[in-house]
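A.B. asks: Encoded as structure tokens, here's the structure I'll be asking about.
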Amino acid sequence: MTEPEGPATGQDTAVSTTASRLFDLRTVLALLFYVYGIVLLIVGLVSTTEADIAKAGGWNVNLVTGIAMLVLAIFFTVWVRLRPVKAPIEEIEGTAGDTAGPPGH
């Protein structure tokens with residue numbers, strides 16, 4: 001007896017679902033906002049001087065922007081968790097001959 005091929009085994013579906021979630025644009029943006037938000041948060045806490053704050057009109061711009069970026073990253077993460085990308089259930093197999101050219105070629 002041979003095992004059935006394709007999405008009926010469940011293994012291909014899990015892999016494509018994981019890959020589609022990993023490469024979802026919201027996930028990539030959340031990761032970028034987390035990284036840059038943490039960097040700006042650290043810079044805002046550690047190396048901002050009074051002269052920098054005076055130039056920015058009394059705001060610690062790095063700190064505020066870092067916090068805003070982290071909040072946005074959390075928003076994207078929650079959005080991905082609540083509304084995940086649904087991978088196609090059916091796999092298109094054996095269509096290479098159908099799209100190779102016009103009928104009769």
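A.B. asks: Go through the range 19-74 and report how many residues are open to solvent by less than 70 Å² (accessible area, probe 1.4 Å) and among the hydrophobic types (A, V, I, L, M, F, W, C).
C.D. replies: 18
A.B. asks: Could we say that residue 79 is open to solvent by 40 Å² or more (accessible area, probe 1.4 Å) and not in a helix (DSSP H, G or I) here?
C.D. replies: Numbers: open to solvent by 40 Å² or more (accessible area, probe 1.4 Å): yes; not in a helix (DSSP H, G or I): no.
Here the answer is no, as residue 79 does not meet what is asked.
A.B. asks: Please name all residue pairs, on different chains or six or more residues apart, with Cβ atoms under 9 Å, provided the first residue is in the range 49-63 and is of a type in the set (Asp, Glu) and the second residue is surrounded by 13 or more Cβ atoms within 10 Å (Cβ to Cβ) and at pLDDT 90 or above.
C.D. replies: These pairs meet every condition: 52/60; 52/61; 52/62.
A.B. asks: Could you list, in sequence order, the residues of the range 36-48 that are among the hydroxyl-bearing types (Ser, Thr, Tyr) and without any contact (Cβ under 8 Å) to a residue 12 or more places away in the chain? Please lay out each step first, then the result.
C.D. replies: Pass one, the range 36-48, residues among the hydroxyl-bearing types (Ser, Thr, Tyr): 36, 47-48.
Residue satisfying the conditions is 47 alone.
The values are calculated or read from the model by the stated rules, or taken from the named source; none is laboratory data. Since the structure is predicted, the reported quantities are computational estimates derived from the model, not experimental observations. Positions of Cβ are generated from backbone atoms using ideal geometry, with glycine treated the same way; all protein chains shown enter the neighbour counts. Side chains included, ligands, DNA and RNA excluded: accessible areas come from the protein's heavy atoms. Shrake-Rupley method; radii C 1.70, N 1.55, O 1.52, S 1.80 Å.
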